[in-house]
Amino acid sequence: MIRRRMATGEDWKRGEVVAAVAAYRTMLRMELEGFPFNKAESNRAVQALTGRNKGSVEFKHQNISAILNQLGLPYIEGYKPRGNFQALLQDVVVDVIVRDLEVNALAQKAVERQDFENITLQDLLGMWVAAPKAEDKIYSKLNETSHPVRPHLGKNYVEIEAKNRNLGAAGERLVLELEQRRLWQAGQKKLAERVEHVAQSQGDGLGYDVLSYEEDGRERLIEVKTTQFGILTPFFATRNEVIVSEAEAEHYQLYRVFSFGKQTRLFTLPGAMKRTCELTPTVFVGTPR
């Protein structure tokens, strides 16, 4: 039993960390299953166990999201990832969540989903949101005072999802319709009719998925990256996509579609990926010496 006490600025003890991580695991399971849950109620329960205040518990849950995000697991969308966490926290997250068989089974089911044809989307032009600010992008670069996340040998569900062709195609079709509606509402009906799903009509070697247009007729080359998970979920880009984004920086835009099929939203990153993203190499090609 953890003794209730007044919260201080000191590091959380193991028992307190376990209580927070266990509460997060319960909510994550429910989110992956599509069941509603009460964040405030869970927060109060952790407060009662640890003596920490509401803000401290919230911050700890955001720390957990940051660890899961960097290990390639889905995180609870209501807890935006934040770095600068205890080294102890990662150990407990791996033991309690990353190795949890139920969490893994639910994550596997989510990333292997194929039935995206039946998703109905409303208010397409209202889906746009602002891109994450630089200080939010902690999935790619942690605060310097934070402990780096150690590699985990388990499955990277974000990477598995990125290979889900049905999900990718569904996101591309969404953007195709969005672009047609955008130009149609701008009075550019002829341009709207010329918007093309080039990944389907010409193959996926162009370095972008949708050929669209600005209202003045200039080309807009759109690469679409889609996830069912949160706004800060990392995405995977090919070498060709990075090169084309730089060569065609004036016309290139990356459309990041997230929370797909739940509360679908997207933001755009115009220009070269090297300028708009923190790019981390993940594949090495080796030849014998």
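Summary table
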{"read-out": "Sparse-neighbour loop sites [chymotrypsin sites (Phe, Trp or Tyr not before Pro); segment 240-289; at most 16 other C-beta within 10 Å; DSSP]", "value": "284"}
{"read-out": "Computed lengthening from residue 282 to residue 268, 0.36 nm per intervening residue step minus Cα-Cα distance", "value": "2.7 nm"}
{"read-out": "Pairs beyond 26 Å (Cα-Cα), from 80/262; 190/274; 133/189; 109/225; 163/274", "value": "190/274; 133/189"}
{"read-out": "Beta bridge orientation in segment 157-289: antiparallel %, DSSP, nearest 5", "value": "65 percent"}
{"read-out": "Helical mean residue ellipticity (222 nm; -39500 (n - 2.57) per DSSP H run of 4+; nearest 500) of the chain", "value": "-12000 deg cm²/dmol"}
{"read-out": "Approximate spin-label separation residue 243-residue 177, in nm, with each point projected 7 Å along Cα-to-Cβ", "value": "3.5 nm"}
{"read-out": "Stretch gain in nm, segment residue 112-residue 216, where the contour uses 0.36 nm per residue and the Cα spacing is subtracted", "value": "33.4 nm"}
{"read-out": "Quarter of Cα convex hull surface for segment 22-121, i.e. mean projection, nm²", "value": "7.2 nm²"}
{"read-out": "With eigenvalues of the C-alpha gyration tensor scaled by 5 and rooted, segment 176-289, Å", "value": "27, 18, 13"}
{"read-out": "Relative packing of 186-198, 17-29, which averages over residues the other C-beta atoms within 10 Å, highest first", "value": "17-29, 186-198"}
{"read-out": "Principal-axis tilt of helix 54-70 within the chain, Cα atoms, nearest 10 degrees", "value": "50 degrees"}
{"read-out": "Among 119, 184, 249 - extreme Cα towards positive end, dipole of the chain, charges at beta-carbon", "value": "119"}
{"read-out": "Potential extension, residue 39-residue 204 segment - 0.36 nm per residue separation minus Cα distance", "value": "55.3 nm"}
{"read-out": "Acute angle (nearest 10 degrees) that the helix 14-33 long axis makes with the longest principal axis of the chain, alpha-carbon atoms", "value": "40 degrees"}
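Where a number appears in this text, it was derived from the coordinates with a stated rule and is not lab data. Note that the structure is a prediction, hence the values are computed from the model and not measured. Using ideal geometry, Cβ is built from the backbone for each residue, glycine included, and neighbour counts are taken over all protein chains shown.
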